2 protein chains.
Amino acid sequence: MGVRKKASTYSLNEQFITECDLTYAVNMLAGRWKLQLLARLSKKTYRFHELSEAYPHITERMLSMQLKALEQDGLVIRTVYAEVPPRVEYTLTERAVELMPILDRLSAWGKKQRGK
Amino acid sequence: MGVRKKASTYSLNEQFITECDLTYAVNMLAGRWKLQLLARLSKKTYRFHELSEAYPHITERMLSMQLKALEQDGLVIRTVYAEVPPRVEYTLTERAVELMPILDRLSAWGKKQRGK
DNA sequence: CGGCATCCAGGATGATACTG
DNA sequence: CAGTATCATCCTGGATGCCG
């Protein structure tokens with residue numbers, strides 16, 4: 001979504017919303033596929049290939065990149081098992097779990113608006 | 001950040017989060033300056049030039065574009081007064097006002113995460 | 001005053017092929 | 001299986017100048 005990674009580090013002294021924090025939050029959700037991935041991972045742990053099958057329209061490249069970004073933002077845990085063939089599993093972190101109810105409200109708001 | 005305008009119109013049957021609606025919501029917030037503008041407009045009505053002065057680093061072009069996008073998404077009302085010199089005022093719509101508490105929670109979440 | 005038109009740079013995403 | 005490398009494309013946003 002258009003939100004860029006560039007930090008909006010302007011100190012603007014807004015009271016109602018501290019858009020520094022808000023921008024920080026929206027930025028880490030703004031990747032092209034991150035919401036879908038978070039939504040799915042909120043239900044259970046997934047392997048890379050399972051996600052790839054679940055979203056066949058997402059290239060493996062983007063899947064890898066988005067998951068890595070989520071991992072770096074501390075929203076997803078990536079676990080590598082030293083096996084052959086390799087196995088990698090992705091799970092939500094606690095901070096991501098805390099985020100879910102908020103996203104749920106945002107989703108409800110979006111749903112309400114879309115109907116109009 | 002990168003959320004594109006392209007609609008993610010995949011019907012994915014997620015229960016916890018209907019990411020169609022969620023993507024819809026995040027997309028309309030993902031513009032480079034939209035959050036700042038919404039935050040400011042949540043306090044009072046502003047004229048174009050006032051906003052331009054409040055955010056001197058935002059080019060008038062972008063200010064115009066972001067406000068227009070917000071208007072098209074039904075978050076902002078643009079009122080033109082037939083005067084000379086022209087006067088244009090921007091206000092939040094009710095749906096934008098309903099959004100504010102949610103953004104506030106998201107902001108709080110972001111603040112909490114940033115500290116870590 | 002409140003924009004819009006044009007041009008442009010860089011980042012985000014896509015397509016395809018290849019590897020440990 | 002779980003990615004990475006490379007190249008191509010699209011889009012956002014910035015710079016500058018002009019207009020009703």
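Just a few scattered comments:
- Taking each residue of region B:75-94 that is within 14 Å of chain A (Cβ to nearest Cβ) and over 18 Å from B:A54 (Cβ atoms) and looking for partners that are part of a strand (DSSP E or B) and more than 7 Å from DNA strand C (Cβ to nearest atom) with beta-carbon atoms closer than 6 Å, six or more apart or interchain, yields B:T93/B:I77.
- Across region B:51-67, the number of residues qualifying as within 14 Å of chain A (Cβ to nearest Cβ) and within 7 Å of DNA strand C (Cβ to nearest atom) comes to 1.
- With respect to (1) under 25 Å from B:K112 (Cβ atoms); (2) near DNA strand D (Cβ under 9 Å from one of its atoms); (3) of a type in the set (G, A, S), the lone exception for A:S64 is condition (1).
No value in this document is a laboratory result; all are computed from the given coordinates. What you see is a predicted model, and the numbers here were worked out from it, not measured in a lab. Cβ: placed from backbone, ideal geometry, glycine included. Neighbour counts: every protein chain shown.
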